[in-house]
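All remarks here apply to the structure that follows.
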Amino acid sequence: QPQLHYRNQSLYLEDCRLADLAREHGTPLYVYSTASMLEALAAYRRGFAGRRVQICYAMKANPSLAVLQLFAREGCGFDIVSGGELARVLAAGGDPARVIFSGVGKTRAEMRQALEAGIGCFNVESEAELEVLSEVASAMSLRAPVSIRVNPNVDARTHPYISTGLKGNKFGIAHERTLATYQRAAALPGLRVVGIDCHIGSQITEKTPFLDALERMLDLVAAIEAAGIAIHHIDLGGGLGINYNGDEPPAADALWARLLERLDARGYGDRRLMIEPGRSLVGNAGVCLTEVLYCKPGEQKNFCIVDAAMNDLPRPAMYQAYHAIVPLEDRAEGREPVVYDVVGPVCESGDWLGRDRSLAVQPGELLAVLSAGAYCSAMGSTYNSRARPPEVLVSGSAAQLVRTRESVSDLFRNERLPGNNA
Ligand code: LLP
């Protein structure tokens, strides 16, 4: 993980000592590095130098207003999937004209909200949605800019829950239906066709699925344009993986060098491009800090019980995902490491953060769960009435609290005791 290093046996993110942040704000605590996010963005920009490209950060990965503000200031757009995400973009100062709206289940109210805000494009996922969007836009005397999400039927070879480009999942329109769907879109009064998009999955660590998807998309662009419908932009979605545990995804610039080569070879080199990266911009910019509560030796397993749990960081419980776990102070010298399952206080056997980890720790000491910038805080819940952790954004030696710790009374603020309405 870039920007993360030990100095005098103490773990730092940029120039901030993580143990100091944990002491100041308590644990569990999320900490994100500005420099890591900017570096990740720079890799895409290098790959796209001299091209017409809009990077739309897939904010579901980490919707913190502070993170959105950072990308908005860098000129990024946003890929959103709900009216709530649109509200966040606007609250963070994002440009609605650079927003694209994905998702299979947009409501009429969300469509109206997005049209009022003047978003750049609706990525439509079904024929039924096209009809509804046209109706909603017509009623507002508007024409909604649309792109149709195509399911290119390529195997991203990633976890089945996060693979989205194969036949048989709920996303996009089948390759064979694409032309007919574009013809319908072009005929509807409330729509204006502007592009085509796809997204084949997440945590993809090879170039081939992206190249295959591109080829299939270009075949479709050729067919649609031959039918007289202009495609102004091609959106290739997100999905580039990060290194969690020795994974070796291509660098963004290396991947895009190959994709642009194919685009040029097929005569589409000057076409406007869009991408929707999420994880690859933020995943390795974050850590989750947690305190060891108890060490519990067992006959079959030793447990290291920490104060962060599956509600704070659900990826291990949900996907058996691997996140490296390291001590904030390296005290291994003179201690015998023990192999632990690192688990949280939630009352589920699935509540674990790491399995079979060799650690030399004692209660009261602090650990960092790494690669926790994407889909960690974002997917957190308050299960077991556990309030959400605070978040800190660091830049050099400056650290700013960008989300305070939720209070327990926040959790039941909207609840009422029945029978006490008088
Ligand atoms: N565009 C669309 C339409 C998407 O559905 C997604 C992610 C992205 C872009 C961004 O993909 P990324 O660049 O982050 O791979 N919770 C799972 C990942 C779910 C991804 C959902 N869609 C996880 O923790 O691994």
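The values are calculated or read from the model by the stated rules, or taken from the named source; none is laboratory data. Worth saying up front: this structure is predicted, and the values here are computed from it rather than measured. Virtual Cβ from ideal backbone geometry, glycine too; neighbours counted across all protein chains shown.
Checking the structure you have, find out if any residue of the stretch 145-153 is surrounded by fewer than 21 Cβ atoms within 10 Å (Cβ to Cβ), within 30 Å of ARG112 (Cβ to Cβ), at pLDDT below 95 and more than 12 Å from the ligand (Cβ to nearest atom).
Looking through the stretch 145-153, none of the residues is surrounded by fewer than 21 Cβ atoms within 10 Å (Cβ to Cβ), within 30 Å of ARG112 (Cβ to Cβ), at pLDDT below 95 and more than 12 Å from the ligand (Cβ to nearest atom).
Mind listing just one residue for me: the one in the stretch 328-345 that is surrounded by 18 or more Cβ atoms within 10 Å (Cβ to Cβ) and of a type in the set (A, V, I, L, M) and, of those, farthest from GLN300 (Cα to Cα)?
Here the residue is LEU328.
Specify the residue that is farthest from LEU65 (Cα to Cα); the eligible residues are those in the stretch 374-422 that are β-branched (Val, Ile, Thr) and either within 16 Å of the ligand (Cβ to nearest atom) or exposed (fewer than 15 other Cβ atoms within 10 Å of the Cβ) (or both).
The extreme case among them is VAL408.
With the stretch 10-109 as the region, which strands (runs of 3 or more DSSP E) entirely inside it contain at least 1 residues that are over 30 Å from VAL306 (Cα atoms) and aliphatic (A, V, I, L, M)?
Ranges flagged: 53-58, 77-80, 99-101.
Need the failing condition index for ALA213 against (1) buried (at least 21 other Cβ atoms within 10 Å of the Cβ); (2) among the aliphatic types (A, V, I, L, M); (3) out of contact with any Cys (no Cβ under 6 Å at 6 or more places or on another chain); (4) assigned to a helix (DSSP H, G or I), just the number.
It is condition (3) that ALA213 fails.
State which residue is nearest to PRO389 (Cα to Cα) when the search covers only the stretch 277-300 and only residues that are among the polar types (S, T, N, Q) and within 13 Å of the ligand (Cβ to nearest atom). Outline the logic, then answer.
Filtering the stretch 277-300 down to residues among the polar types (S, T, N, Q) leaves 280, 284, 290, 300.
Right, trim to within 13 Å of the ligand (Cβ to nearest atom) and you get 280, 284.
Numbers: SER280: 23, ASN284: 19 Å.
Only one residue tops the list, namely ASN284.
Can you name the residue in the stretch 52-68 that is β-branched (Val, Ile, Thr) and buried (at least 22 other Cβ atoms within 10 Å of the Cβ) and, of all such residues, is nearest to the ligand (Cβ to nearest atom)?
Per the stated criteria, the residue is ILE55.
Please work out if ARG413 is in a strand (DSSP E or B) and among the basic types (Lys, Arg).
For ARG413, the condition - in a strand (DSSP E or B) and among the basic types (Lys, Arg) - is not met.
Residue check: is ILE325 hydrophobic (A, V, I, L, M, F, W, C), in contact with a strand residue (DSSP E or B) (Cβ under 8 Å, 6 or more places away or on another chain), more than 28 Å from ASP20 (Cβ to Cβ) and surrounded by 14 or more Cβ atoms within 10 Å (Cβ to Cβ)? Write out each step before concluding.
Working: hydrophobic (A, V, I, L, M, F, W, C): yes; in contact with a strand residue (DSSP E or B) (Cβ under 8 Å, 6 or more places away or on another chain): yes; more than 28 Å from ASP20 (Cβ to Cβ): no; surrounded by 14 or more Cβ atoms within 10 Å (Cβ to Cβ): yes.
Answer is no for this residue.
Quick one: PRO316 ticks every box in (1) free of Cβ contacts under 8 Å to residues at least 40 places away in the same chain; (2) surrounded by fewer than 20 Cβ atoms within 10 Å (Cβ to Cβ) except a single one, so which number is it?
Unmet for PRO316, out of (1) free of Cβ contacts under 8 Å to residues at least 40 places away in the same chain; (2) surrounded by fewer than 20 Cβ atoms within 10 Å (Cβ to Cβ): (2).
I'd like the full set of residues that are among the hydrophobic types (A, V, I, L, M, F, W, C) and within 15 Å of ALA372 (Cβ to Cβ), limited to the stretch 60-76. It would help to see each step written out before you state the result.
In the first step, residues of the stretch 60-76 are kept if they are among the hydrophobic types (A, V, I, L, M, F, W, C); the result is 61, 65-68, 70-72, 76.
Scanning the stretch 60-76 gives ALA61, VAL67.
Inside the stretch 158-204, can you point out the residues that are in a loop (DSSP other than H, G, I, E, B), at pLDDT 95 or above and surrounded by fewer than 17 Cβ atoms within 10 Å (Cβ to Cβ)?
Hit for the stretch 158-204 is PRO189, nothing else.
Kindly indicate whether SER371 is touching a Gly at 6+ places or on another chain (Cβ under 9 Å) and either modelled with pLDDT of 95 or more or not in a loop (DSSP other than H, G, I, E, B) (or both).
Numbers: touching a Gly at 6+ places or on another chain (Cβ under 9 Å): yes; either modelled with pLDDT of 95 or more or not in a loop (DSSP other than H, G, I, E, B) (or both): yes.
Answer is yes for this residue.
Does the stretch 231-249 hold any residues that are within 21 Å of GLY77 (Cβ to Cβ) and more than 16 Å from the ligand (Cβ to nearest atom), and which are they?
ILE231, HIS232
Checking LEU259 against (1) more than 14 Å from the ligand (Cβ to nearest atom); (2) farther than 28 Å from ALA97 by Cα; (3) surrounded by 15 or more Cβ atoms within 10 Å (Cβ to Cβ), which test does it fail?
So the condition that LEU259 fails would be (2).
For the stretch 272-354, which fully contained strands (runs of 3 or more DSSP E) count at least 2 residues that are under 26 Å from the mean Cα position of the chain (by Cα)?
It comes to 272-275, 286-296, 325-327, 338-343.
For the stretch 4-15, give me each residue that is surrounded by fewer than 19 Cβ atoms within 10 Å (Cβ to Cβ) and either within 10 Å of SER397 (Cα to Cα) or under 22 Å from the mean Cα position of the chain (by Cα) (or both).
Passing the criteria: only ASP15.
Which of the residues spanning the stretch 110-148 are closer than 15 Å to ASP79 by Cα and part of a loop (DSSP other than H, G, I, E, B)?
GLY118, ILE119, GLY120, GLU125
For the stretch 169-208: of the residues being free of Cβ contacts under 8 Å to residues at least 60 places away in the same chain and at positive phi, which is farthest from the ligand (Cβ to nearest atom)?
Step by step, filter the stretch 169-208, then rank; the result is GLY172.
Restricting to the stretch 226-269, count the residues that are in a loop (DSSP other than H, G, I, E, B) and either assigned by TED's automatic domain parsing to the domain that holds TYR322 or over 17 Å from ILE148 (Cβ atoms) (or both).
Of all residues in the stretch 226-269, those in a loop (DSSP other than H, G, I, E, B) come to 227-232, 236-239, 241-251, 266-269.
Add one more test, that the residue is either assigned by TED's automatic domain parsing to the domain that holds TYR322 or over 17 Å from ILE148 (Cβ atoms) (or both), and what stays is 238-239, 241-251, 266-269.
Residues that pass the stated criteria total 17.
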